[in-house]
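First up is the structure itself, then whatever we jot down about it.
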Amino acid sequence: MASYPQQDMSDEQLSEFQKLSNEYVPEVTGPLVGERQSSTAIVAEYASADPVFQAKTEALPQKYSHYRTVRGDGSCGWRAVAFGYFEALIHHGDPSRFLEEETRLRSSSNILNMAGFDPFIYEDFADAMFDLLRDVASAMQAGHAEQTLLAAFNDESNQASILTYLKTLTAAWMKTRPQDYAPWLLEQTVEEYCNASVMPTSAEIENVGLSALKDTFLSPAGITLEVLYLDRSEGSEVNMHRFSPVNHGGFDVGTVRLLYRPGHYDLLYKLQDLPHAAASVSTYLQIASQTHREPICAIGMPDFLTGFAGMSYVSPHQAWPGWQQQLAGGPFRPSAWEFEPDVLQATAQSPLQTAMFRK
Amino acid sequence: MAAKRLIKELDAYHSDPSPAVAILQPADDGDLLHLTAVLLGPQETAYEGGTFTLTLAVPPNYPAAPPDIRFRTPCCHPNVNFKTGEICLDLLKGSWTPAYGLISTLEAVQQLLSAGGNPDSPYNLDVARLMREGDLVGAEALVRFYTRLYAWGR
């Protein structure tokens with residue numbers, strides 16, 4: 001029988017190794033968020049890997065033309081979602097969407113308060129988020145939204161504030177509806193999970209947390225989340241998991257696509273996600289001249305009130321009506337999962353399931 | 001960043017004091033980054049009646065990094081170094097989040113006292129051994145003795 005070297009070590013040596021291992025911090029280099037580049041670079045990276053990875057990476061550029069690296073410092077999943085969210089809003093092309101998002105997120109402070117977070121502590125992080133929404137909206141009209149975004153995410157402390165905001169939002173969302181997430185946690189309460197695996201700066205995103213982040217941050221913005229798994233599983237392509245429900249209210253702003261390699265997230269793009277220089281310039285001009293003279297004008301949109309907690313057309317007695325209830329009587333177009341309770345149940349309870357493909 | 005946030009935290013503490021923290025103030029007027037706190041021993045535990053002085057050293061990049069918190073009043077607890085006052089609490093190390101403040105961190109330290117701590121990663125071998133061997137009466141008596149010796153009436 002082969003003996004493992006650990007078995008020959010004394011307790012002192014073992015504890016010394018344990019200490020070294022606990023203190024080990026991998027050296028991470030590169031920008032926090034890199035430039036978008038052709039995904040053929042991934043093929044080159046895996047050219048000498050084993051056949052499963054070779055096959056999967058060779059098939060990748062046919063569907064996903066570009067990718068963007070995110071620094072693997074333990075926060076890459078959170079950062080990739082945050083960056084992808086802004087890019088989806090930019091790509092959507094309507095600067096007033098940024099103000100709608102700010103309004104929506106400001107109303108979320110009710111959830112943060114309900115979950116017991118102190119406003120005077122989280123407001124700094126929330127402000128970093130709102131400032132960036134405004135900066136990108138105005139940069140969009142000047143035609144350099146992407147540069148502004150990239151610069152903001154490569155500012156260490158600024159992006160850390162935004163990630164802290166997203167973690168706080170995710171934890172608050174989970175804590176205020178523990179019944180939705182508790183079934184997926186093993187021997188942990190939602191509270192314990194949030195304290196150990198969502199809130200700490202060092203906590204990388206996990207599947208349950210990612211699902212909650214999607215539910216509270218991406219879906220209400222009309223943004224779909226897809227995760228493409230590049231691992232050693234069977235198949236000749238990366239496995240795609242589209243988190244469901246696809247979006248809320250039937251409107252579609254865009255998609256955040258994450259490339260997952262065990263322990264690390266990067267961003268992936270299809271051709272349709274890329275800005276087309278000529279088309280986008282005319283769109284910006286059009287929008288700038290029509291709808292964005294004064295940001296405050298956009299407040300006049302008819303469904304503005306529904307952005308606030310407790311101000312939807314239904315459930316006035318409930319402090320924070322769930323999205324489903326808002327949808328049921330709200331101004332949004334009904335979606336498939338309203339009509340089919342089974343779909344809702346299946347999707348709401350199975351963040352770990354990977355069978356919900358739609359090709 | 002750190003100073004702005006600390007001023008907000010101190011203001012919030014003055015308008016809404018914490019039942020766990022009797023005092024939280026800068027150690028001297030010119031320096032916000034070094035603070036003194038007095039933590040009350042949790043009720044219905046062997047620490048009851050004790051008032052523990054702690055020092056908080058706040059790093060310039062706070063709240064991105066956690067404060068360094070140490071007991072100045074000797075505290076007998078398996079996860080507190082009796083001599084240096086160092087505290088073994090995951091919140092003060094890997095589990096830190098900028099969404100915690102000084103008060104919520106001090107409350108977590110009080111929580112650590114009332115929870116009895118984890119004898120498997122001990123800073124205080126004597127009390128940890130008693131707890132591991134199941135001598136909870138002995139452990140409690142030791143805690144009560146040191147609390148009375150050092151933390152009463154100060």
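Estimated from the Cβ-Cβ distance and a Förster radius of 41 angstrom, the FRET efficiency linking A:Gln188 and A:Gln272 is about 0.55.
Hey, what's the stretch B:93-154 come to in accessible area per residue, 1.4 Å probe, Å²?
Numbers: 3510 Å² over 62 residues.
Roughly 57 Å² per residue, with all protein chains present.
I need the calculated FRET efficiency for the pair A:Glu206 and B:Lys93, taking r as the beta carbon distance and R₀ as 22 Å, to the nearest 0.05.
After rounding to 0.05, the efficiency reads 0.65.
Past 32 Å, Cα to Cα: identify those pairs from A:Lys19/A:Lys167; A:Lys56/B:Lys93; A:Lys167/A:Lys270; A:Lys175/B:Lys8; A:Lys19/B:Lys4, in the order given.
Beyond 32 Å: A:Lys56/B:Lys93; A:Lys19/B:Lys4.
If you place +1 on the Cβ of every Lys and Arg, -1 on the Cβ of every Asp and Glu, and leave all else neutral, what size is the dipole of the stretch B:2-151 about its Cα centre, to the nearest 20 Debye? Intermediate values should be presented prior to the final figure.
Values: 11 positive and 17 negative charges, 40 e Å.
Charge dipole, the stretch B:2-151, about its Cα centre: 200 debye, nearest 20.
Under 18 Å Cα-Cα from B:Lys83, which aspartates and glutamates qualify once same-chain neighbours fewer than 8 residues away are excluded? Here the aspartates and glutamates satisfying the reach criterion relative to B:Lys83 are B:Asp68, B:Asp126.
Please identify the GluC sites (Glu not before Pro) of the stretch B:30-98 that satisfy two criteria: DSSP loop assignment and at most 10 other Cβ atoms within 10 Å. Which are they?
On the way: sites: B:Glu44, B:Glu48, B:Glu86; in loops: B:Glu44, B:Glu48.
Qualifying residues, ordered by number: B:Glu44.
A Förster radius of 35 Å, combined with the Cβ-Cβ distance separating B:Ile23 from A:Asp131, puts the computed FRET efficiency at roughly 0.45.
Restriction of the chymotrypsin sites (Phe, Trp or Tyr not before Pro) in the stretch A:12-72 to DSSP coil positions whose beta-carbon has at most 11 other beta-carbons within 10 angstrom yields A:Tyr24.
Contact-buried residues of the stretch B:60-92, at a threshold of 50 Å² lost accessible area versus the chain by itself, are absent (1.4 Å probe; DNA, RNA and ligands ignored).
Pairing chains B and A buries close to 1100 square angstrom of accessible surface in total, based on protein heavy atoms and a 1.4 angstrom probe.
Could you tell me what percent of the accessible area of the stretch B:2-151 is made up of carbon and sulfur, with a 1.4 Å probe and every protein chain present?
Working: 3840 of 7170 Å².
Carbon plus sulfur share of accessible area: 54 percent.
Carbon-plus-sulfur accessible fraction, the stretch A:143-235 (probe radius 1.4 Å, protein heavy atoms only): 52%. Summarising the label geometry, the points placed 7 Å from Cα in the beta-carbon direction at A:Arg106 and B:His34 lie 4.3 nm from one another.
Given the options B:Pro119, B:Pro59, B:Pro98, which has the most mean-square fluctuation in a GNM of chain B, springs set between C-alpha atoms less than 10 angstrom apart? In this elastic network of chain B, the residue with the biggest mean-square fluctuation among B:Pro119, B:Pro59, B:Pro98 is B:Pro98.
The contact residues of the stretch A:190-233, meaning those that lose at least 10 Å² of 1.4 Å-probe accessible area when all protein chains sit together rather than their chain alone, are A:Asn195, A:Met199, A:Pro200, A:Thr201, A:Ser202. Sites listed here are trypsin sites (Lys or Arg not before Pro) in the stretch B:35-123 whose DSSP assignment is loop and whose Cβ has at most 15 other Cβ atoms within 10 Å: B:Arg72, B:Lys83, B:Lys93.
The values are calculated or read from the model by the stated rules, or taken from the named source; none is laboratory data. Note that this is a predicted model, so its numbers are computed, not measured. Here Cβ is always computed from backbone atoms with ideal geometry, including for glycine, and neighbour counts include all displayed protein chains. With ligands, DNA and RNA removed, areas are computed over all heavy atoms of the protein, side chains included. Shrake-Rupley method; radii C 1.70, N 1.55, O 1.52, S 1.80 Å.
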